[in-house]
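Participant: Take this structure, written in structure tokens, and hold onto it; I'll ask about it next.
The values are calculated or read from the model by the stated rules, or taken from the named source; none is laboratory data. Predicted, not measured: the structure shown is a model, and the values here were computed from it. Here Cβ is always computed from backbone atoms with ideal geometry, including for glycine, and neighbour counts include all displayed protein chains. The area values use the complete protein model at the heavy-atom level, side chains included, leaving out ligands, DNA and RNA. Shrake-Rupley method; radii C 1.70, N 1.55, O 1.52, S 1.80 Å.
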Amino acid sequence: MPDNYIVKEYFRRMIGEDGLRIIMNIPEGEITDEEIARLSDTKLTQVRKILYTLYENRIAEYRTERDDNSGWVTYLWRFDYSNVRKLMEAEAEKKLSELRKRLDREKRGVFYQCKCQRVLFEDAAAMDFRCDECGSEFEYVDNGDLISELEAEIEKIERWKEQIRSG
Ligand SMILES: [Zn+2]
């Protein structure tokens, strides 16, 4: 796998610390799940779980070989990490678009808060500034800090995206 901090970080989130340790021990070429388990000193069931996650993300694929005498089926796995960059970029894009929508909503709206919910000014006004649900009064919320946090998060992901491109 690519020896790159961001890629490792991505896999760590996908398959956990143990999963990362397991795939870093996998040599190039085809390999059986039993062999992977042996190399990483891990239970076969755990290895299979990780392989399945990688398979779902189209990073691992397998073919089967059947022994004519015993009928035993062997799974031969191989890995293609070229997909990782695309996956990471798609994930970053999705997060960015969610955050930008949220930021837009926060910037345009004026928010009020009672003990149970946070609503737009219009909705608070429609209830005469007293919540139908909990009976407490709606008070104005200053969302300046939240807006700054969202902007910082967006900037962070944009930097991350740049690193994926150049990494
Ligand atoms: Zn309420």
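Participant: Do we have ASN143 as surrounded by 14 or more Cβ atoms within 10 Å (Cβ to Cβ) and closer than 30 Å to LEU20 by Cβ here?
Facilitator: no
Participant: With respect to the numbered conditions (1) in the same structural domain as GLU153 (by TED's automatic domain parsing); (2) open to solvent by 90 Å² or more (accessible area, probe 1.4 Å); (3) of a type outside the set (Ser, Thr, Tyr), which one is the sole condition not fulfilled by GLU93?
Facilitator: Failing condition for GLU93: (2).
Participant: Residues in segment 122-152 that are in contact (Cβ under 8 Å) with a residue 12 or more places away in the chain and polar (S, T, N, Q): how many?
Facilitator: 2
Participant: Also: With LEU103, LEU87 as the choices, which residue is assigned to a helix (DSSP H, G or I), of a type in the set (A, V, I, L, M), at pLDDT below 95 and more than 16 Å from the ligand (Cβ to nearest atom)?
Facilitator: On inspection, the qualifying residue turns out to be LEU87.
Participant: Let me ask something additional. Please enumerate the residues belonging to segment 146-167 that are more than 17 Å from GLU93 (Cβ to Cβ) and either open to solvent by 50 Å² or more (accessible area, probe 1.4 Å) or among the β-branched types (Val, Ile, Thr) (or both).
Facilitator: Correct list: ILE147, SER148, GLU149, GLU151, ALA152.
Let's see how each residue does on (1) in the same structural domain as ILE26 (by TED's automatic domain parsing); (2) buried (at least 16 other Cβ atoms within 10 Å of the Cβ):
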| site | (1), (2) |
| --- | --- |
| LYS49 | yes, no |
| ARG58 | yes, no |
| TRP72 | yes, no |
| GLU89 | no, no |
| LEU99 | no, yes |
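Participant: For segment 111-132, state whether one or more residues are in contact with a strand residue (DSSP E or B) (Cβ under 6 Å, 6 or more places away or on another chain), over 30 Å from ILE31 (Cβ atoms), more than 16 Å from the ligand (Cβ to nearest atom) and not hydroxyl-bearing (Ser, Thr, Tyr).
Facilitator: Checked against the condition, which is being in contact with a strand residue (DSSP E or B) (Cβ under 6 Å, 6 or more places away or on another chain), over 30 Å from ILE31 (Cβ atoms), more than 16 Å from the ligand (Cβ to nearest atom) and not hydroxyl-bearing (Ser, Thr, Tyr), segment 111-132 yields no hits at all.
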